[in-house]
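A short write-up of the structure that comes next.
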Amino acid sequence: MRVLFSSTSGEGHFQPLIPLIRAFEASGHETLTVAPSTLAGTLEVEAVAHRLGEAPSAEDSDRVWTLFPTLARRDASLLVEHEWFARLCLAALMPAVESAVDEWSPDLMIRETCEYACAVIAHRSGIRHAQVAISTAEAESSVLRELVRPELDGFADGLTQRIFESPYLTKFPASLDPSPYPTTLRFRNHEIGNVKPLGNWWPGNSAPLVYLTFGTTATGLESGRELLRLVLATIQELDIRILVTTGSKMSPADLGEVPGNVHVESWIHQDDVLAEAAIVICHGGSGTTFGALGAGVPLIFLPLFADQPTNARMIHDAGAGIAITEGGESTAMNFEDIEARLILIRVAVEEMLTNSSYRDSARTLAEEIARADSPTQLVNRLAMNP
């Protein structure tokens, strides 16, 4: 069987596809991934067979991401979901997806939920189509039915409904993320035990490891880069080891000189970090959040935008994390009373290292996640249902 995958350029959008790409390949199927040229470096590192398409123009990108931090949450969501993903990204990638389908003739197409060119071409070509969650099912269903429906149904009547009815593949546990999608298939992130040890970056230091990351999109904004610097400065004097990832849009050198208990990388395989981490500090992106829960690691949240406030509140209420804020109505509001919030982060780290209830709750959720299908089991299901 031939399976065509598609993704937009964000690391958090592409990474959920990797376990399935690997599982299809291991089961003897052919795979091909279509993505914008801005994802080329990641595709090369992951050694994924791919074809590159276009990304939105630099002019459009600058326009959207300059406006984004100034908007209230609802307006920012509309800008990103409708204008960026459902209009600009779709139009840019469509020729590459269409060409791949014409020349390669896939039997199945699988897209991350923000990449819509795949859904349009699958609908036109009558090819089976599935979608891989990057956020909660309720949030993604709302985006589909409320924010992007006019754009998608402009390509074909009923396209939005067909997307809604296509298999929805998610790593998120049912206890936290009940799904309105009629065909929801849950899987875990990887085959258990498939991790590599970290480098010897803290020789002689066995203090608890704290993983600090704000993903790629947030650190593409100056406000996100500044927040990362402030959080690191707040916790680096604690008796902990700290691993920081900056994302591809921020250089590790931008953090300047760091103390010996801090190591900085632009990117590292998340599973490898989570196998050793005691705490994750993040903005609440779904990839980081549910990756940490799958490893039984509690989280401290500073949510910024998109699904991050929802994720932070959900995990806080489940007892597996601490939400420092609820997330501002605009990115600028996240810096109000920043000094007080930074103090709360330091307190949260100390609380989480001494109070085992957070890790216990995270491990309970990890056990639920581990009961989901492995990627190989999910691939077999999809392969047996033509």
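Limited to segment 244-265, what total is found for residues that are more than 21 Å from Gly10 (Cβ to Cβ), crowded, with 16+ Cβ neighbours inside 10 Å and at pLDDT 90 or above?
Of segment 244-265, the ones more than 21 Å from Gly10 (Cβ to Cβ) are 253, 255-263.
Checking the rest, the ones that are also crowded, with 16+ Cβ neighbours inside 10 Å come to 255, 261-263.
Those left that are additionally at pLDDT 90 or above: 261-263.
The number of residues fulfilling the criteria is 3.
Which residue is nearest to Val143 (Cα to Cα), if the candidates are limited to segment 42-73 and must be within 20 Å of the chain's Cα centre (by Cα) and among the charged types (D, E, K, R)?
That would be Arg73.
What number of residues within segment 239-260 satisfy the criterion of being acidic (Asp, Glu), out of contact with any Lys or Arg (no Cβ under 8 Å at 6 or more places or on another chain) and in a helix (DSSP H, G or I)? Spell out the reasoning first.
Here is the first cut: in segment 239-260, the residues acidic (Asp, Glu) are 239, 254, 257.
This time we only want the ones that are out of contact with any Lys or Arg (no Cβ under 8 Å at 6 or more places or on another chain), so: 239, 257.
Adding the requirement that they be in a helix (DSSP H, G or I) leaves none.
So the count comes out to 0.
Would you pick out the residues in segment 108-135 that are of a type outside the set (D, E, K, R) and surrounded by fewer than 18 Cβ atoms within 10 Å (Cβ to Cβ)?
Ser125, Gly126, Ile127 - these are the residues of segment 108-135 that are of a type outside the set (D, E, K, R) and surrounded by fewer than 18 Cβ atoms within 10 Å (Cβ to Cβ).
If Arg111 meets every condition in (1) in contact with a strand residue (DSSP E or B) (Cβ under 8 Å, 6 or more places away or on another chain); (2) more than 28 Å from Glu165 (Cα to Cα); (3) not hydrophobic (A, V, I, L, M, F, W, C) apart from one, which number is that one?
Checking Arg111 against (1) in contact with a strand residue (DSSP E or B) (Cβ under 8 Å, 6 or more places away or on another chain); (2) more than 28 Å from Glu165 (Cα to Cα); (3) not hydrophobic (A, V, I, L, M, F, W, C), the one that fails is (2).
What number of residues within segment 80-107 satisfy the criterion of being more than 22 Å from His29 (Cβ to Cβ), of a type outside the set (D, E, K, R) and crowded, with 17+ Cβ neighbours inside 10 Å?
Residues meeting the conditions: 11.
In the list Thr289, Thr219, which residue meets the criterion of being among the hydroxyl-bearing types (Ser, Thr, Tyr), at pLDDT 85 or above and part of a helix (DSSP H, G or I)?
Values: Thr219 fails: at pLDDT 85 or above.
Being among the hydroxyl-bearing types (Ser, Thr, Tyr), at pLDDT 85 or above and part of a helix (DSSP H, G or I) holds for just one of Thr289, Thr219, which is Thr289.
Which residue is nearest to Leu90 (Cα to Cα), if the candidates are limited to segment 32-50 and must be out of contact with any Ser or Thr (no Cβ under 6 Å at 6 or more places or on another chain) and surrounded by 17 or more Cβ atoms within 10 Å (Cβ to Cβ)?
Thr33
Could you list, in sequence order, all residues of segment 45-66 that are modelled with pLDDT under 90, over 14 Å from Gly10 (Cβ atoms) and not in a loop (DSSP other than H, G, I, E, B)?
Passing the criteria: Val45, Thr66.
The values are calculated or read from the model by the stated rules, or taken from the named source; none is laboratory data. From a predicted model like this one, the values you see are computed outputs, not experimental measurements. Because the Cβ atoms are built from the backbone with ideal geometry, glycine has one as well, and the counts that use them run over all protein chains shown.
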